[in-house]
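Have a look at the structure below, then the notes.
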Amino acid sequence: MNQRLLVVASVVLLIVAFMFAAKQYQASQSAPTMSKEQQARLMPSYAPTLGPSDAKVTLVEFFDPACGTCAQFSPLTKALVKEYGGKLRLVLRYAPFHEGSETVVQMIEAAKAQGKYWEALSALLASQQTWVFNHRVFPERAWPVLEQAGVDIVALKEAMKDPKIQAIIAQDVADGKALGVSKTPSFFVNGTPLERFGYEPLVQLIKSYM
């Protein structure tokens, strides 16, 4: 009887091992390695990030601060980084498609000098309706929002003159164009573009790399 149980247990272990190996093989086939060029296009060293640099999964988002859908997704992607605790990293890139939104991007980038990047971004997205009307951007109406978020406006306006900010925006726009980004938000998970847009498809794509 003991010998029979041993044989059954061995068979079960072999089946489990086979299933695990098959799953690993399938994952390796569906998760192609990014080229160095693609990594550079998606994740430049200057891009703001949330989550550890050695996370198993990297979520890159090209966004426009004047985009309503981007504002809706912002708390969701942050929540995912927290939910997956150390396994997911979020990388933000700019795609200022709305006329006038490039000025708002400059504001957000300039807030880095005060250590207020995430505060500025969150405040602007949360109160987007106060400075975006009928898809038109009114950057001057964003100043009070930033001030309420604790940003020094005088210092911010000075920091916005830094040519490095314009260079960052230009690079993001060029990379987005090279990657085929034509709308916002656009997501890439470990280099794979999200083909079917939506929160659930995004979660499923992230989970496929976990």
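The values are calculated or read from the model by the stated rules, or taken from the named source; none is laboratory data. Since the structure is predicted, the reported quantities are computational estimates derived from the model, not experimental observations. Positions of Cβ are generated from backbone atoms using ideal geometry, with glycine treated the same way; all protein chains shown enter the neighbour counts.
Observations, loosely collected:
- Look at region 61-89: where a residue is among the aliphatic types (A, V, I, L, M) and a partner is in a strand (DSSP E or B), sitting 6+ places away or on another chain with Cβ atoms under 7 Å, you get A66/V132; A66/V137; L80/L88; V81/L50; V81/L88; V81/L90; L88/V57; L88/L59.
- Region 34-80, residues that are within 17 Å of G198 (Cα to Cα), within 13 Å of the chain's Cα centre (by Cα) and of a type in the set (A, V, I, L, M, F, W, C): L59, V60, F62, F63, C70, A71, F73, L76, A79, L80
- Here A40 passes the criteria (1) at positive phi; (2) modelled with pLDDT under 95 except the one numbered (1).
- Selected residue (only one of G85, G68 is at pLDDT below 95 and either exposed (fewer than 15 other Cβ atoms within 10 Å of the Cβ) or touching a strand residue (DSSP E or B) at 6+ places or on another chain (Cβ under 7 Å) (or both)): G85
- Taking the criterion of being surrounded by 13 or more Cβ atoms within 10 Å (Cβ to Cβ) and among the aliphatic types (A, V, I, L, M), the residues of region 131-158 that qualify are V132, V137, A142, V145, L146, A149, V151, A155, L156.
- When L59, L76 are checked against the criterion of being part of a helix (DSSP H, G or I), within 15 Å of F187 (Cβ to Cβ) and of a type in the set (A, V, I, L, M), a single residue qualifies: L76.
- Odd one out for Q128 among (1) out of contact with any helix residue (DSSP H, G or I) (no Cβ under 7 Å at 6 or more places or on another chain); (2) under 15 Å from A66 (Cβ atoms): (1)
- Residues that are in contact with a strand residue (DSSP E or B) (Cβ under 9 Å, 6 or more places away or on another chain) and surrounded by fewer than 21 Cβ atoms within 10 Å (Cβ to Cβ) within region 107-120 comprise just one, W118.
- Y199 meets the conditions (1) out of contact with any Leu (no Cβ under 8 Å at 6 or more places or on another chain); (2) surrounded by 12 or more Cβ atoms within 10 Å (Cβ to Cβ) in every case but one. The failed one is (1).
- Any hit, region 159-170, residues being within 25 Å of L42 (Cβ to Cβ), touching a residue at least 60 places away in the same chain (Cβ under 8 Å), surrounded by fewer than 16 Cβ atoms within 10 Å (Cβ to Cβ) and out of contact with any Gly (no Cβ under 7 Å at 6 or more places or on another chain): yes
- Within region 51-60, the set of residues being of a type outside the set (D, E, K, R) and in contact (Cβ under 8 Å) with a residue 60 or more places away in the chain comprises V57, T58, L59, V60.
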